[in-house]
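*Asks:* The structure's right below; bear with me while I get my questions together.
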């Protein structure tokens, strides 16, 4: 059982990342999901190394968030990152995390740009993304077949090896 003195130390998963303007694209290879993090969520995700608590992350990012020492914005970001599967499941305590409503009630002056946003999309595996027909599939031309060969088999034209 987790004690109250044990602080929440979020740790990000291993994933491929690409910076795109102010956003960060994160690809989870295990679950084939891509996530787009806005600037606020990206800054929090980069700090989630498993070494820092939420208040420590908040202090590091205080100049960017201008939160006046309130860690509710970081807690909201951690909650959203956790729900998106971008943080490891190592004793995350949901009671320690805040909802968007609680954050807005605490910090009414925060601009909407600062609210952490995590958008998730499903990415097909390379095999599913193929745009050609497999062997023995009905076809009309060679370009439809992955093998590049559409031929007659019995009375049908199918993809042949």
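*Asks:* Could you list 131, 58 so that the one with the fewest beta carbons within 10 Å of its beta carbon is first and the one with the most is last?
*Replies:* Numbers: 131 6, 58 22.
The most exposed by this proxy come first: 131, 58.
*Asks:* Return 8, 37, 122, 138 ranked ascending by Cβ neighbour count within 10 Å, so the fewest neighbours appear first.
*Replies:* Numbers: 8 19, 37 26, 122 8, 138 12.
By the 10 Å Cβ count, ascending: 122, 138, 8, 37.
*Asks:* I would also like to ask the following. Taking the beta-carbon count within 10 Å as an exposure proxy, list 23, 29 from fewest neighbours to most.
*Replies:* 29, 23
Every number here is computed from the coordinates shown, using simple stated rules; none is lab data. Treat the numbers as computed from the prediction; the structure is a model and nothing was measured. Glycine gets a Cβ as well: all are built from the backbone with ideal geometry, and neighbour counts include every protein chain shown.
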